[in-house]
């Protein structure tokens with residue numbers, strides 16, 4: 001298809017080495033080399049992710065990795081989420097199939113562990129309204145380009161950590177059909193993917209259409225030994241199965257505190273103290289480990305040559321995702337009041353009971369998300385060889401959610417109070433909350449409500465770009481290349497709560513409508529200046545520079561710059577460096593998403609405080625009336641999370657320095673090493689619950705400013721532990737922690753990326769080896785001005801963006817070996833993640849180390865005939881299980897960082913016509 005030799009060579013190099021990326025323009029692809037001289041010049045120009053300048057080569061100052069459609073297939077993954085999350089430069093927590101508690105069904109990505117909001121996802125170089133990789137069908141992707149460098153000057157806000165650009169198929173001819181079926185070694189977690197892509201071309205254009213359907217079945221936490229019940233340390237170096245203190249028979253405390261943490265024994269009927277080992281509610285058995293999802297998408301694109309120098313193009317796409325999460329049944333977390341007059345009251349005193357409403361079957365959170373995308377524009381070239389494009393991009397999502405099993409706290413109060421129940425004609429009768437199985441269907445119909453909020457967002461984007469050479473005013477080393485353009489973008493967000501939530505009738509559900517809009521006008525200029533060439537010791541030396549001005553409707557205008565240097569002392573060696581200013585305006589969701597309750601895990605500093613040596617901690621725990629052997633029944637804190645309309649923009653500085661070496665004496669070998677250093681000021685994030693609680697309780701007389709972020713049980717609508725401990729709810733957990741987004745202080749991270757590629761003829765086939773890795777030297781976070789930095793590199797801790805616990809491994813690396821011979825191909829991949837220590841671990845914990853993991857993946861493909869290929873393989877072939885960690889968010893491990901499901905077998909059928 002591509003007859004120009006320089007472009008063809010560039011493509012081969014990119015696909016072989018993954019050291020750069022390319023994006024051929026429709027104009028270049030549509031033209032024949034027999035066109036006029038300007039057309040031929042335009043044909044040689046290619047666009048590299050991170051820059052708008054069309055170039056005649058792929059080697060840039062910025063580090064970029066390319067993964068082709070063949071790489072996606074060889075990985076064996078059925079979704080883009082799993083492939084991207086496996087990349088070594090991706091770290092920290094992100095939304096995905098391993099997240100059940102707190103998921104919205106999406107799949108996001110966090111380059112450098114800096115958060116999904118600082119990683120810009122693009123489709124063909126343009127933005128989407130909802131950065132969900134589930135909306136991008138794998139069969140439609142031609143390649144994935146990962147820019148591991150700040151790109152605010154090229155794309156504007158959100159590109160502080162880097163860019164992931166999904167390039168879709170264009171100029172596709174023929175038909176392609178793919179069917180894949182995955183199944184774990186345990187016989188569950190079935191995943192089915194069916195996709196079809198068709199395309200046709202004429203001498204003036206091309207049309208391509210792609211359809212894809214993916215269905216992923218759930219895996220239950222109770223179906224794996226490591227997660228079948230919540231594990232607790234026994235204080236003797238071992239663990240035991242426990243659960244939540246909000247139990248199925250009710251854990252109660254009298255208002256007078258004459259009884260605290262008691263249950264009515266379900267066997268004997270006697271009153272006794274709660275015992276976690278025997279009474280704790282096993283929420284794991286009724287919770288998902290891998291969440292189910294069903295996705296259908298249809299995408300298309302077309303180009304048409306209007307004139308020899310002008311092409312019209314359109315792109316369109318629609319995705320429907322239906323996903324859900326399931327957790328343990330709602331509990332009376334608000335501290336259900338049971339008056340002395342309740343006929344089932346075991347002590348005849350007013351009391352508060354925390355009762356798990358297990359009769360309801362669990363809390364189900366469902367999403368029915370529609371994602372729309374439309375692009376229309378023109379591109380072409382001028383007589384002098386300059387290229388240009390103009391486009392309008394419209395994307396929109398509507399996420400219709402329904403949550404089941406949500407309680408109406410006011411009606412539950414009626415159920416336990418005979419007088420209130422008598423005053424309400426709809427009340428079905430007085431409830432006995434002190435025994436299991438007593439919540440009747442009539443009571444559930446009366447006191448449960450579905451929650452059906454709607455979340456909607458849209459992005460509109462107008463782009464105009466022009467690129468070329470300053471012919472006639474070039475330098476001795478060559479012509480100055482340049483690009484310039486303007487962009488106008490409009491963002492819109494709406495969270496519309498359920499009607500019952502609006503009037504406060506659904507417990508722990510945001511009941512405030514939030515919405516907002518903003519627009520931004522931007523202009524940029526890029527230059528690529530050849531300084532020296534063809535001199536002793538200097539084959540090529542060039543300087544690149546870019547500047548972008550951004551004017552937001554709600555912020556002061558800002559200007560950001562980027563400089564790059566490329567130096568080739570001799571053929572085969574490129575030394576490169578970039579220095580960039582970054583800017584990130586708060587995202588529309590960060591500004592306007594609602595404040596709502598989330599139960600976040602934390603390490604309780606007052607557990608067994610009598611053995612602690614910190615005097616301030618001992619004094620603070622004692623002042624709350626906690627016994628010296630105090631032990632928290634549940635390590636989750638009712639916290640406030642959500643957006644903040646008063647957020648200010650982030651600013652960053654980034655530096656990359658590295659080299660690419662392709663020696664002539666080793667055929668088909670490439671080695672790249674790049675150092676990165678990123679600093680973010682005024683960073684948006686949330687202080688994790690561990691930092692807040694432990695920082696407060698270890699300060700003298702609760703004097704730390706972090707104590708101001710603990711609002712107490714009353715703020716969450718819960719009764720306090722005691723009059724001396726208003727910070728704690730009735731079960732003893734610190735409550736009312738403010739974990740919503742705020743401009744904190746500083747994030748800093750640095751390290752090295754390395755990759756090596758080599759291919760050689762071996763016997764009657766071709767052997768290809770590839771190594772990609774990242775060494776994380778530093779990842780530090782300052783929670784507030786004046787605070788000491790917290791070092792995350794080499795530790796697992798709460799991700800400042802997602803709030804979930806994640807492992808920030810110092811070393812992550814992937815090694816792949818592929819051998820192609822005739823009609824057979826075999827590939828083996830090893831994915832390595834270095835172990836991490838618990839950032840907030842205590843000496844008494846059974847496990848404060850999450851061990852290193854190596855996952856082995858194997859695949860074999862056989863070409864049956866010219867049209868049909870069958871492949872089969874196994875991911876995590878040795879069934880590597882995740883490690884137990886005392887400090888965990890869920891599943892007794894670090895769910896966002898390790899493979900959870902075990903071995904995954906799959907078979908795939910591919911047909912091309």
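Table: residues versus (1) surrounded by 15 or more Cβ atoms within 10 Å (Cβ to Cβ); (2) at pLDDT below 95; (3) out of contact with any strand residue (DSSP E or B) (no Cβ under 6 Å at 6 or more places or on another chain).
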{"residue": "516", "(1), (2), (3)": "yes, yes, no"}
{"residue": "520", "(1), (2), (3)": "yes, no, no"}
{"residue": "524", "(1), (2), (3)": "yes, no, no"}
{"residue": "533", "(1), (2), (3)": "yes, yes, no"}
{"residue": "536", "(1), (2), (3)": "no, yes, yes"}
{"residue": "548", "(1), (2), (3)": "yes, no, no"}
{"residue": "555", "(1), (2), (3)": "yes, yes, yes"}
{"residue": "562", "(1), (2), (3)": "yes, no, no"}
{"residue": "567", "(1), (2), (3)": "yes, no, no"}
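For (1) touching a strand residue (DSSP E or B) at 6+ places or on another chain (Cβ under 7 Å); (2) at pLDDT 95 or above, each residue gets a yes or a no:
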residue: 74; (1), (2): yes, no
residue: 87; (1), (2): yes, yes
residue: 96; (1), (2): no, no
residue: 127; (1), (2): yes, no
residue: 131; (1), (2): yes, no
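For residue 444, the stated conditions hold: it is surrounded by fewer than 17 Cβ atoms within 10 Å (Cβ to Cβ) and touching a helix residue (DSSP H, G or I) at 6+ places or on another chain (Cβ under 8 Å).
Among the residues in the range 415-431, are any buried (at least 19 other Cβ atoms within 10 Å of the Cβ), over 27 Å from the mean Cα position of the chain (by Cα), farther than 30 Å from residue 154 by Cβ and without any contact (Cβ under 8 Å) to a residue 12 or more places away in the chain? Taking every residue of the range 415-431 in turn, at least one turns out to be buried (at least 19 other Cβ atoms within 10 Å of the Cβ), over 27 Å from the mean Cα position of the chain (by Cα), farther than 30 Å from residue 154 by Cβ and without any contact (Cβ under 8 Å) to a residue 12 or more places away in the chain. Can you pull out every residue in the range 144-166 that is assigned to a strand (DSSP E or B) and either closer than 16 Å to residue 89 by Cα or at pLDDT below 95 (or both)? Selection gives 144, 145, 146, 147, 162, 163, 164, 165.
Of 285, 301, which residue is touching a residue at least 12 places away in the same chain (Cβ under 8 Å), in contact with a strand residue (DSSP E or B) (Cβ under 6 Å, 6 or more places away or on another chain) and either within 30 Å of residue 398 (Cβ to Cβ) or not in a loop (DSSP other than H, G, I, E, B) (or both)? Within the list 285, 301, the selection yields 301. Every test in (1) buried (at least 23 other Cβ atoms within 10 Å of the Cβ); (2) in contact (Cβ under 8 Å) with a residue 60 or more places away in the chain; (3) farther than 25 Å from residue 658 by Cα is passed by residue 142 save one, and that test is (1). Comparison of 487, 491 shows that the only residue that is touching a residue at least 12 places away in the same chain (Cβ under 8 Å), within 30 Å of residue 377 (Cβ to Cβ), surrounded by 21 or more Cβ atoms within 10 Å (Cβ to Cβ) and under 31 Å from the mean Cα position of the chain (by Cα) is 491. Exactly one residue among 324, 350 is farther than 30 Å from residue 170 by Cβ, touching a strand residue (DSSP E or B) at 6+ places or on another chain (Cβ under 9 Å) and surrounded by fewer than 20 Cβ atoms within 10 Å (Cβ to Cβ), and that residue is 350. In this structure, residue 843 does not qualify as modelled with pLDDT of 95 or more, over 25 Å from residue 770 (Cα atoms) and either surrounded by fewer than 17 Cβ atoms within 10 Å (Cβ to Cβ) or out of contact with any helix residue (DSSP H, G or I) (no Cβ under 7 Å at 6 or more places or on another chain) (or both). One residue stands out in the range 700-723 among those that are over 14 Å from residue 620 (Cβ atoms) and in contact with a helix residue (DSSP H, G or I) (Cβ under 6 Å, 6 or more places away or on another chain): the one that is surrounded by the fewest Cβ atoms within 10 Å (Cβ to Cβ), namely 720.
If you scan the range 289-316, which residues turn out to be touching a helix residue (DSSP H, G or I) at 6+ places or on another chain (Cβ under 8 Å) and surrounded by 22 or more Cβ atoms within 10 Å (Cβ to Cβ)? Of everything in the range 289-316, those that are touching a helix residue (DSSP H, G or I) at 6+ places or on another chain (Cβ under 8 Å) and surrounded by 22 or more Cβ atoms within 10 Å (Cβ to Cβ) turn out to be 289, 293, 295, 297, 299, 303, 311, 313.
Among residues belonging to the range 470-484 that are assigned to a strand (DSSP E or B) and at pLDDT 90 or above, point out the one that is farthest from the chain's Cα centre (by Cα). So the residue we want is 481. Of the residues 817, 806, the single one that is part of a strand (DSSP E or B) and more than 21 Å from residue 66 (Cα to Cα) is 806. In the set 189, 174, 156, which member is more than 20 Å from the chain's Cα centre (by Cα), within 27 Å of residue 753 (Cα to Cα) and surrounded by fewer than 24 Cβ atoms within 10 Å (Cβ to Cβ)? The conditions single out 156. When the range 193-210 is limited to residues that are under 25 Å from the mean Cα position of the chain (by Cα) and touching a residue at least 40 places away in the same chain (Cβ under 8 Å), the one that is farthest from residue 878 (Cα to Cα) turns out to be 195.
Taking residue 342 as the residue in question, decide whether it is crowded, with 20+ Cβ neighbours inside 10 Å and either out of contact with any helix residue (DSSP H, G or I) (no Cβ under 7 Å at 6 or more places or on another chain) or in contact (Cβ under 8 Å) with a residue 24 or more places away in the chain (or both). Yes, satisfied. If you go through the range 167-204 and pick out every residue that is closer than 26 Å to residue 900 by Cβ and part of a strand (DSSP E or B), you end up with 12.
May I ask you to verify whether residue 124 is surrounded by fewer than 24 Cβ atoms within 10 Å (Cβ to Cβ), more than 11 Å from the chain's Cα centre (by Cα) and more than 19 Å from residue 298 (Cβ to Cβ)? Answer is no for this residue.
Contact annotation: no residue pair with Cβ atoms under 6 Å, 6 or more positions apart or on different chains, pairs a residue in the range 855-869 that is free of Cβ contacts under 8 Å to residues at least 12 places away in the same chain with a partner that is outside any strand (DSSP E or B). Residue 388 satisfies every condition listed in (1) modelled with pLDDT of 95 or more; (2) farther than 18 Å from residue 329 by Cα; (3) in contact with a helix residue (DSSP H, G or I) (Cβ under 8 Å, 6 or more places away or on another chain) except (3).
Residue 602 meets the conditions (1) in contact with a strand residue (DSSP E or B) (Cβ under 8 Å, 6 or more places away or on another chain); (2) surrounded by fewer than 18 Cβ atoms within 10 Å (Cβ to Cβ); (3) modelled with pLDDT under 90 in every case but one. The failed one is (2).
Restricting the search to the range 607-641, which residues are part of a loop (DSSP other than H, G, I, E, B), modelled with pLDDT of 85 or more, surrounded by 16 or more Cβ atoms within 10 Å (Cβ to Cβ) and in contact with a strand residue (DSSP E or B) (Cβ under 9 Å, 6 or more places away or on another chain)? Those that are part of a loop (DSSP other than H, G, I, E, B), modelled with pLDDT of 85 or more, surrounded by 16 or more Cβ atoms within 10 Å (Cβ to Cβ) and in contact with a strand residue (DSSP E or B) (Cβ under 9 Å, 6 or more places away or on another chain): 624, 626.
Restricting attention to the range 102-121, the residues that are crowded, with 23+ Cβ neighbours inside 10 Å and part of a loop (DSSP other than H, G, I, E, B) add up to 10.
Out of all the residues in the range 822-836, which are in a strand (DSSP E or B) and surrounded by 15 or more Cβ atoms within 10 Å (Cβ to Cβ)?
825, 826, 827, 828, 829, 831, 832, 833, 836, listed by residue number.
The values are calculated or read from the model by the stated rules, or taken from the named source; none is laboratory data. Note that this is a predicted model, so its numbers are computed, not measured. Because the Cβ atoms are built from the backbone with ideal geometry, glycine has one as well, and the counts that use them run over all protein chains shown.
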